[in-house]
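K.L.:
My structure is below; once you've seen it, I'll send some questions.
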Amino acid sequence: MERLIDKSIILLVCLAALFLVPQTTVFIVALLLALIVSSLQEINYVPPALKLAGLCVYLALVVVFPVFAVFVPLLAYDCLRAKNWVLKLCWVLPLLAALREFDFTVLLFLAVACLISGVLFWRTAQAQRERLDYTALRDELRETSLALEQNNRDLQEKQDVEVQLATLAERGRIAREIHDNVGHLLTRSMLQIEAAQVVHADETVFKEELERIATTVHEAFDTVRASVHNLHEDSFDLYTQLYAIAQDALLSVDLEYQVTEIPDTVAHGFAAIVREAVANAAKHSNASLVRVSVTEYPAFWQLVVHDNGSKNPLKKGVSQEGNGMGLASMEERVRSLKGVFRTDYDKGFRVFVSIPKERT
């Protein structure tokens, strides 16, 4: 749009030559041809060779018909857009050749028109460069902003996981403390009450009191045991454990987790398998990325660990049944859960585990 405005201004300046040169048929032809050639420069699907040919034809006609020089400033604007300096200044020689046919007034007019064309071209080119620089700077700032937002999300997620891990660890510690201390004290109290009941079996009143105390201690013991069990269950979260494994791994781990609920036995098994599989990929493969996918289906839970290494460990004596110690321990865990364990190589080593729900 800016170039069209510039050309419109230059064309109006060139038309002012109507007061300086005769309005002949050649003048009209020059005007029409100049408009056609200049319009071709703005059509994107026109081949560059055709655009250049149009400029060359018009500039050649300037030498033959000097009146064509009146519209050279319009085509000079297009020539200045070329990257080659020869093409940039190719309009000068035909213009100089035609100037011998005009008087001083026309020469001054053409000089002013060419100067206006050059100034408009420089102004538009400068504006376009500044616009491109601004766009590049804006895109760079946007990319930086998006990167910072992603880093903030990663840091927040890492912080949340660390808080979750600390919370789970504290729950586990509390469960152990209750089990080891309070549980043992209640067990000892029950043994002492039972011993007192035997000693005072003949004392009816005292025996009834001991039975009431024993009942209360039994209820307390059951309550403590249930609390310890709940704390122990809540102290393990599969996603948090997998995220921690991914963060501590020696290579990149891409985690995909689509599970709403999973039993503790399966969760512990999946965490151990992922830890072993990721460690094997770091030790025995040239992989740079491991993809871990945990998915819940209506009838089973599925775990897939797939690295991008080019080394196939199955060719080194490790069979699909898991004869290696690491694979054997994985397979043993899966079999204890009545699941399916398979390994294969497909653009990287892959561990596949499936645990049916109705058998867990």
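The values are calculated or read from the model by the stated rules, or taken from the named source; none is laboratory data. As the structure is a computational prediction, the values presented were derived from the model and not from experiment. Every residue, glycine as well, gets a Cβ built from its backbone with ideal geometry; the counts of neighbours run over all protein chains shown. The area values use the complete protein model at the heavy-atom level, side chains included, leaving out ligands, DNA and RNA. Shrake-Rupley method; radii C 1.70, N 1.55, O 1.52, S 1.80 Å.
K.L.:
Determine, for each peptide in 85-93, 57-65, 146-154, the mean count of other beta carbons within 10 angstrom over its residues, then list the peptides with the highest first.
P.N.:
Details: 85-93: 14.3, 57-65: 17.1, 146-154: 10.0.
Highest mean packing first, the order is 57-65, 85-93, 146-154.
K.L.:
For residue 333, tell me the accessible area in Å² from a 1.4 Å probe, rounded to the nearest 10.
P.N.:
Answer for residue 333: close to 110 Å² accessible.
K.L.:
Arrange the peptides 269-277, 257-265 so that the one whose residues have, on average, the most other Cβ atoms within 10 Å appears first.
P.N.:
Details: 269-277: 21.8, 257-265: 12.6.
Answer by packing, highest mean first, reads 269-277, 257-265.
K.L.:
Consider all pairwise Cα distances in the range 247-302 and report the whole-number % of them above 17 Å.
P.N.:
On the way: 620 of 1540 pairs.
I get 40 percent for the Cα pairs in the range 247-302 exceeding 17 Å.
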